[in-house]
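These notes are about the structure you will find just below.
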Amino acid sequence: MRIVIKENRYEASSFAAETIAMQLQKKPNSVLGLATGSTPTLCYEQLIRLHKEHYVDFSAASSFNLDEYHGLSPDHPQSYRYFMQQKLFDHINIDISNTHVPDGLNENPIQACADYENEINAHGGIDLQLLGIGRNGHIGFNEPTSGLQSRTRIKTLTQSTTHANSRFFGDEEFQPELALTMGIGTILEAKKILLLAFGKEKSAAVQTMIEGALSAYCPASALQLHPDAIIVLDREAASRLEHIEFFIEVEEKQQALMKSLNLS
Ligand code: GLP
């Protein structure tokens, strides 16, 4: 794991957007794994700016989103397909037919999940996967105790997650308790992973993910196994790390080394 600690969420989001832009420069037909929630929105704003001002080109790229609520149509304002259209796809030059979000309305969600896996494989796998983290350590909708080698499937959300996400739903509105999500095994197959976490409400999950034991109880701890996972934090999200000074020093030394080798 590479731990990058930025002063605030704006700097952290710029770093993430630049990493995605570099990926597209290196490989214009990259397969991007995308995430929803409040965390990636600033990164998407930065990507839109980079597209408009610096012509970062998405025309050959394709995307796969991590998850979708079961029972919400793509035009439901709380569906993740709707979120992606509003926050990113409508503002960049990605071909919408190359964007994929699990089908929350499919009458056979088990088949829909298997098809999603096949589609990812048919695209040659995910080059760069963007992630947020839930307060209980979930990634995608892989709640605590999710299998560390799980694949895309339909999952029951925990009360803590439905409660955290209830802020987006009206009082009387139907709020799904099931979701289709890439599995932890699916996520770990991405060639590069970029996880963002901001704010003190994420600090406990962040500490367990980085410094705790590898455990299904903290699904994000599975990233300890990944050879190229970058964890990008603001100061608040990093505040409970016991080894924060060491992580800062490692990153500084790494940057200096890259610079001396002309690699940064
Ligand atoms: C949801 C999503 C996750 C996201 C998490 C955190 O449950 N399925 O992908 O990481 O919420 O959301 P937020 O970024 O709003 O804190």
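Applying the condition of being more than 29 Å from Ala12 (Cα to Cα) and of a type in the set (A, V, I, L, M) to region 119-162 and asking which residue is nearest to the ligand (Cβ to nearest atom) yields Ile154.
Matching residues to (1) exposed (fewer than 14 other Cβ atoms within 10 Å of the Cβ); (2) acidic (Asp, Glu); (3) in contact with a Ser or Thr (Cβ under 8 Å, 6 or more places away or on another chain):
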site: Ala12; (1), (2), (3): no, no, no
site: Thr19; (1), (2), (3): no, no, no
site: Leu34; (1), (2), (3): no, no, yes
site: Thr39; (1), (2), (3): no, no, no
site: Asp57; (1), (2), (3): no, yes, no
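Checking each residue in region 239-264 for being outside any helix (DSSP H, G or I) and either among the charged types (D, E, K, R) or out of contact with any helix residue (DSSP H, G or I) (no Cβ under 6 Å at 6 or more places or on another chain) (or both) picks out Arg240, Glu242, His243, Leu261, Asn262, Leu263. Evaluating Ser14 against the criteria (1) touching a residue at least 40 places away in the same chain (Cβ under 8 Å); (2) under 30 Å from Glu245 (Cα atoms) leaves one unmet condition, (1).
Quick test for you: out of Gln149, Gln207, Gln255, Gln224, pick the one residue that is loosely packed, with under 14 Cβ neighbours inside 10 Å and within 20 Å of Asn136 (Cα to Cα). The unique qualifying residue is Gln149.
Here's the yes/no breakdown for (1) in contact with a helix residue (DSSP H, G or I) (Cβ under 8 Å, 6 or more places away or on another chain); (2) closer than 19 Å to Tyr80 by Cβ; (3) surrounded by fewer than 18 Cβ atoms within 10 Å (Cβ to Cβ):
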position: Thr99; (1), (2), (3): yes, yes, no
position: Leu105; (1), (2), (3): no, yes, yes
position: Cys113; (1), (2), (3): no, yes, no
position: Asn118; (1), (2), (3): no, no, yes
position: Asn121; (1), (2), (3): no, no, yes
position: Leu128; (1), (2), (3): yes, yes, no
position: Gly134; (1), (2), (3): yes, yes, no
position: His138; (1), (2), (3): yes, yes, no
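For region 140-181, give me the residue count where each residue is of a type in the set (Asp, Glu), within 17 Å of Tyr80 (Cα to Cα) and in contact with a strand residue (DSSP E or B) (Cβ under 8 Å, 6 or more places away or on another chain). Looking only at that region, the number is 1. Candidates are the residues of region 86-103 that are in a loop (DSSP other than H, G, I, E, B) and free of Cβ contacts under 8 Å to residues at least 60 places away in the same chain; the one that is farthest from Ile48 (Cα to Cα) is Val101. Enumerate the pairs (first residue in region 165-190 and within 15 Å of the ligand (Cβ to nearest atom); second residue anywhere and of a type in the set (Asp, Glu) and at pLDDT 95 or above) with beta-carbon separation below 7 Å, excluding pairs fewer than 6 apart on the same chain, so at least 6 apart or on different chains. Within 7 Å, the pairs are Ala179/Asp67; Ala179/Glu68; Leu180/Asp67; Leu180/Glu68; Thr181/Asp67; Met182/Asp67; Thr186/Glu117.
The values are calculated or read from the model by the stated rules, or taken from the named source; none is laboratory data. These numbers come from a predicted model, not from an experiment. Cβ coordinates were reconstructed from backbone atoms using ideal geometry, including for glycine residues, and neighbour counts include every protein chain displayed.
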